[in-house]
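Below is one structure; the comments refer to it alone.
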Amino acid sequence: MIQFLSRAKGILGMNARNLLYIARFNTAASKKFADDKIYTKKFLSSRGIGCAKLYTVIRSHQELRLLDPATLPPRFVIKPNHGFGGEGIIVITGRDNQVFLGTKGRRWQWKDIQQALTAILDGKYAISGLRDEVVVEELLVAHSDFRRLGDMGLPDIRVIVFNYVPVIAMLRLPTVESEGKANLHLGAVGLGVDLASGKTTHGVRHDRFVTKLPNGDPINSFVIPEWDTVLHTAALCQKVSGIGYLAVDVAVTSMGVKVLELNARAGLAVQIANRVLLRSRLDKIADLTVLTPDKGVQIAKMLFSHRATLRVDDKESGPQTVGLYETVRIFHATPETLVAKIDPHAEHAVIDESIQLPADEKVLSIQLKGQKVTLPFKREKLESDAYQMIIGRRGLGGFYIDTTRVEPHASAAHVTREEKIIANVDRKLAELVSSIHLLAYLKPQNLEQSRAVFLKRPLSSPQFIYRTIPEELNEIDRELAKIPTDFDHPLARFYAERVKEIQMQIALLRGRGTDEFTKLSIDLYGDSTEYEYNLAERFLQTEYTQKDTSDVVPVATIESEVKDFFSRHHLEGWKVVVQETAMADMQVSKTGVLFINKNARITRNRLKGQIAHEIETHIYRNENGKRQPYRIFEHGTRGYLETEEGLAIYNQRKLGIPLDEKLYWPAWRILALHHGKEMGFAELFHYLIATYGLTQKTAWHTCVRVKRGLQDTARPGVFMKDRIYFSGYHKVNQYIEYHGKEGLTKLYMGKIQMEDVPFLEQFDGLQWKAPYYPSWYYA
């Protein structure tokens, strides 16, 4: 503690806080607004910000005398409206006839509660010391993740926000000594929080540093759930309240993130809990132009992350600097790369009429200085040969503007012949890849009917019916054959190999339902080997997972939570669609859609695993690939899928949660592929149940996956794609064991296979620092 306080120059003291921030940025009206809990609660609730439900307000002794205790709910909280420091709060957790049950086993008679309410009305706990009102509100229940820290009361999180940027945060844990209240002065524990990840970092109690959580775990072993929502809620509270220097107290509850109160005179213990100099952080963002809460959160995560070794004078630690002209990439435009004028005086982005865009494009997704920016736009004829676009202030949040840089960025004027060729090849290949929907034409159309018939009489193998393969496939094949692959460029071989892979996909579709189908799928995905077979059997014998006992989440809730995840992680280009029938419970498409099976039964743990698999792997690598100068890293190099599915399995396992039988799926599919080469559907179904103990539901699902693409599934043969989950996982596991987290960052530069990394590292012009990594990376 003494060593930390010795760095006092950067600590924000009370006098400096009052003079430099509260007096300067918080008006008397804003302080009065924050002090009135009733008005604040109604104000925030009316703007869609979650708060505890207000049961009643008692404004006078007469109203107190008329209050019938029988009208109060079984559980509630009593607070002084203008209280401070958490004093005067009474928590009622239940009733025993006429007795109210409080914390620490205390039993309240109604007359005792009346006396406490009288003290509140008389102003005992009010900031001013004058008369006050009594607030009776909902008793919030903490999110289940907090249970392992003890069940002493409701933990809360204080976030200090300045200039829309969450600057510092502290988790306050109630203790027995604090009587279930998250009040440091009463004996609660204060924990510093890493703003990028929500992970606890340091701790303080009674003005002494602590190294253990209340349950004995290390102080840095807890991650606050729904952390992104906490930050966005805090920044949004500043926007709607207009309070310039603001502390927002929130709780993460079983019903989501709830704002407890706003504070315009935030205390300073938060910097001791974080061992961070608050004034240094405030100085760092004071001169930034931050236009939205979302941008503020982005800046907070970039500047104040414990995983980044940032210094105040480190020029690369802050926002990117742009000149008055910059080369940008516009996704889905022709041409994709052009020169933009940076104009902070303009409101909206403007793009020249000559630039081709999809007809339904409502917002632009552009890449500026390696960062993805989404912004509204309008089209006009720009009377300039120097630029084809104007970026207004709505797209410049988080960027510095250097007005001394007035020359346009290097444009296409000096592009070599080879660079022009690869740009055209890259664009054409991306168009053709988006036209191939391999799995859609290998999904049986009569799947549900076949399942119902087979499970009633599981002796006759299904006859699968498929969608008609479109004539356009021949045209795509002809276009692929026209793509040049022998030009002189370091990346030429990547395009040649990808073209060959797509041609193999077309050949596989043409071979659907024929005797050649198995061989064609082996050509595309590789063959299952005796080594993989033995490894899968050993995996089943040695790996163990606990049963998943978490609750089933309704599909409507899943849809809502995934949409919220996309919003919080700035994945604006992705949509969520619920399907009537699907091969998988959740699946990502090439067209920016995450499909959810309407009939899926997904538990809470399973949902976490699906997010790690589908979003934090497939979508994140796609988004990172979009930031590269070539779209091949967006849709994938040849063989990328084995690495990607291996990463998806690896990311699921890193969650450390019970995966139930899902842990064994990749191994079971290796065994099913091995035997499916010789067995028909029905024989394989019964073999898996008898030999490996699969349930009928899992055996059916496994057989469908390995037999799709066949018409008469009674015949031997398989679709070999599912081998890459197991083989990919073991390759990724070995790769990360050897290369560590640095190896993971390289695999996340886009949709590549791990074998591509050594070659790509020698090629200049690629982005190796990406904005999206799986959540465990930040642990």
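The values are calculated or read from the model by the stated rules, or taken from the named source; none is laboratory data. These numbers come from a predicted model, not from an experiment. Quick reminder, even Gly has a Cβ in these numbers, built from the backbone with ideal geometry, and neighbours come from all protein chains shown. With ligands, DNA and RNA removed, areas are computed over all heavy atoms of the protein, side chains included. Shrake-Rupley method; radii C 1.70, N 1.55, O 1.52, S 1.80 Å.
Listed conditions (1) open to solvent by 40 Å² or more (accessible area, probe 1.4 Å); (2) in a loop (DSSP other than H, G, I, E, B); (3) farther than 25 Å from residue 299 by Cβ; (4) of a type outside the set (Phe, Trp, Tyr) are all met by residue 178, apart from (1). Of all positions in the stretch 32-52, none carries a residue that is at positive phi, in contact with an Asp or Glu (Cβ under 7 Å, 6 or more places away or on another chain) and open to solvent by 60 Å² or more (accessible area, probe 1.4 Å). Just one of (1) of a type outside the set (Ser, Thr, Tyr); (2) modelled with pLDDT of 95 or more; (3) open to solvent by 30 Å² or more (accessible area, probe 1.4 Å) fails for residue 656. It is (2). Among residues of the stretch 428-443 that are in contact (Cβ under 8 Å) with a residue 40 or more places away in the chain, those with a beta-carbon under 8 Å from a residue that is of a type in the set (S, T, N, Q) at least six positions away or on a different chain give the pairs 434/591; 436/505; 438/505. Applying the set (1) surrounded by fewer than 23 Cβ atoms within 10 Å (Cβ to Cβ); (2) in contact with a Pro (Cβ under 6 Å, 6 or more places away or on another chain) to residue 641 leaves exactly one unmet item: (2). Of all residues being surrounded by fewer than 19 Cβ atoms within 10 Å (Cβ to Cβ) and farther than 23 Å from residue 174 by Cα in the stretch 128-152, which is modelled with the highest pLDDT? Just the residue, please. Result: 131.
Return the residues of the stretch 604-628 that are touching a Ser or Thr at 6+ places or on another chain (Cβ under 8 Å) and open to solvent by 10 Å² or more (accessible area, probe 1.4 Å); say none if nothing qualifies. Reasoning before the result, please.
So the first thing to find is which residues in the stretch 604-628 are touching a Ser or Thr at 6+ places or on another chain (Cβ under 8 Å), and the list is 604-606, 612, 616, 626.
The answer is 604, 605, 606, 616, 626.
Among the residues of the stretch 525-540, is any open to solvent by less than 40 Å² (accessible area, probe 1.4 Å) and either free of Cβ contacts under 8 Å to residues at least 60 places away in the same chain or under 30 Å from residue 426 (Cα atoms) (or both)? Scanning the stretch 525-540 turns up at least one residue that is open to solvent by less than 40 Å² (accessible area, probe 1.4 Å) and either free of Cβ contacts under 8 Å to residues at least 60 places away in the same chain or under 30 Å from residue 426 (Cα atoms) (or both).
For the stretch 46-69, indicate whether the set of residues that are part of a helix (DSSP H, G or I), in contact (Cβ under 8 Å) with a residue 12 or more places away in the chain and touching a Ser or Thr at 6+ places or on another chain (Cβ under 8 Å) is non-empty. Yes, the stretch 46-69 contains a residue that is part of a helix (DSSP H, G or I), in contact (Cβ under 8 Å) with a residue 12 or more places away in the chain and touching a Ser or Thr at 6+ places or on another chain (Cβ under 8 Å).
Looking at the structure I just gave you, is residue 294 at pLDDT below 85 and open to solvent by 40 Å² or more (accessible area, probe 1.4 Å)? Explain how you work it out, then say what you get.
On the way: at pLDDT below 85: no; open to solvent by 40 Å² or more (accessible area, probe 1.4 Å): yes.
So residue 294 does not fit the description; no.
Applying the condition of being in contact (Cβ under 8 Å) with a residue 60 or more places away in the chain and not aromatic (Phe, Trp, Tyr) to the stretch 663-679 and asking which residue is farthest from residue 731 (Cα to Cα) yields 677. Within the stretch 237-257, is even one residue in a helix (DSSP H, G or I), surrounded by 23 or more Cβ atoms within 10 Å (Cβ to Cβ), in contact with a strand residue (DSSP E or B) (Cβ under 6 Å, 6 or more places away or on another chain) and of a type outside the set (Phe, Trp, Tyr)? Yes: the stretch 237-257 contains one or more residues that are in a helix (DSSP H, G or I), surrounded by 23 or more Cβ atoms within 10 Å (Cβ to Cβ), in contact with a strand residue (DSSP E or B) (Cβ under 6 Å, 6 or more places away or on another chain) and of a type outside the set (Phe, Trp, Tyr). Is it fair to say residue 746 is assigned to a helix (DSSP H, G or I) and of a type in the set (Lys, Arg)? So residue 746 fits the description; yes. Counting only helices (runs of 4 or more DSSP H) wholly contained in the stretch 611-721, the ones carrying 3 or more residues that are among the acidic types (Asp, Glu) occupy 640-654. Among the conditions (1) open to solvent by less than 10 Å² (accessible area, probe 1.4 Å); (2) without any contact (Cβ under 8 Å) to a residue 60 or more places away in the chain; (3) of a type in the set (Ser, Thr, Tyr), residue 211 misses just one, which is (1). May I ask you to verify whether residue 277 is closer than 13 Å to residue 165 by Cα, modelled with pLDDT under 85 and surrounded by fewer than 22 Cβ atoms within 10 Å (Cβ to Cβ)? It is false that residue 277 is closer than 13 Å to residue 165 by Cα, modelled with pLDDT under 85 and surrounded by fewer than 22 Cβ atoms within 10 Å (Cβ to Cβ). Filtering the stretch 181-208 to residues that are out of contact with any strand residue (DSSP E or B) (no Cβ under 6 Å at 6 or more places or on another chain) and open to solvent by 40 Å² or more (accessible area, probe 1.4 Å) leaves 181, 185, 186, 206, 207, 208.
Could you count how many residues in the stretch 371-398 are assigned to a loop (DSSP other than H, G, I, E, B) and open to solvent by 80 Å² or more (accessible area, probe 1.4 Å)? Full working, then the answer.
Applying the first criterion (assigned to a loop (DSSP other than H, G, I, E, B)) to the stretch 371-398 yields 381-388, 392, 396-398.
Within this subset, residues satisfying the condition of being open to solvent by 80 Å² or more (accessible area, probe 1.4 Å) are 381, 383, 385.
Qualifying residue count for the region: 3.
In summary, residue 564 fulfils each of the numbered conditions (1) open to solvent by 40 Å² or more (accessible area, probe 1.4 Å); (2) not in a helix (DSSP H, G or I) with the single exception of condition (2).
Every condition in (1) open to solvent by 30 Å² or more (accessible area, probe 1.4 Å); (2) closer than 24 Å to residue 587 by Cα holds for residue 501 except the one numbered (1). Taking each residue of the stretch 130-151 that is closer than 16 Å to residue 64 by Cβ and looking for partners that are open to solvent by less than 50 Å² (accessible area, probe 1.4 Å) and among the charged types (D, E, K, R) with beta-carbon atoms closer than 6 Å, six or more apart or interchain, yields 135/37; 135/79.
Of all residues in the stretch 580-610, those that are at pLDDT below 90 and part of a helix (DSSP H, G or I) total 0. Of the set (1) within 24 Å of the chain's Cα centre (by Cα); (2) open to solvent by 10 Å² or more (accessible area, probe 1.4 Å); (3) not acidic (Asp, Glu), all apply to residue 763 but (1). Residues that are buried (at least 22 other Cβ atoms within 10 Å of the Cβ), on the phi < 0 side of the Ramachandran plot, touching a strand residue (DSSP E or B) at 6+ places or on another chain (Cβ under 9 Å) and modelled with pLDDT of 95 or more do not occur anywhere in the stretch 717-725.
Only one of 485, 545, 518 is surrounded by 17 or more Cβ atoms within 10 Å (Cβ to Cβ) and β-branched (Val, Ile, Thr); which? Give the derivation first.
Numbers: 485 fails: surrounded by 17 or more Cβ atoms within 10 Å (Cβ to Cβ); 545 fails: surrounded by 17 or more Cβ atoms within 10 Å (Cβ to Cβ).
From the options 485, 545, 518, the qualifying one is 518.
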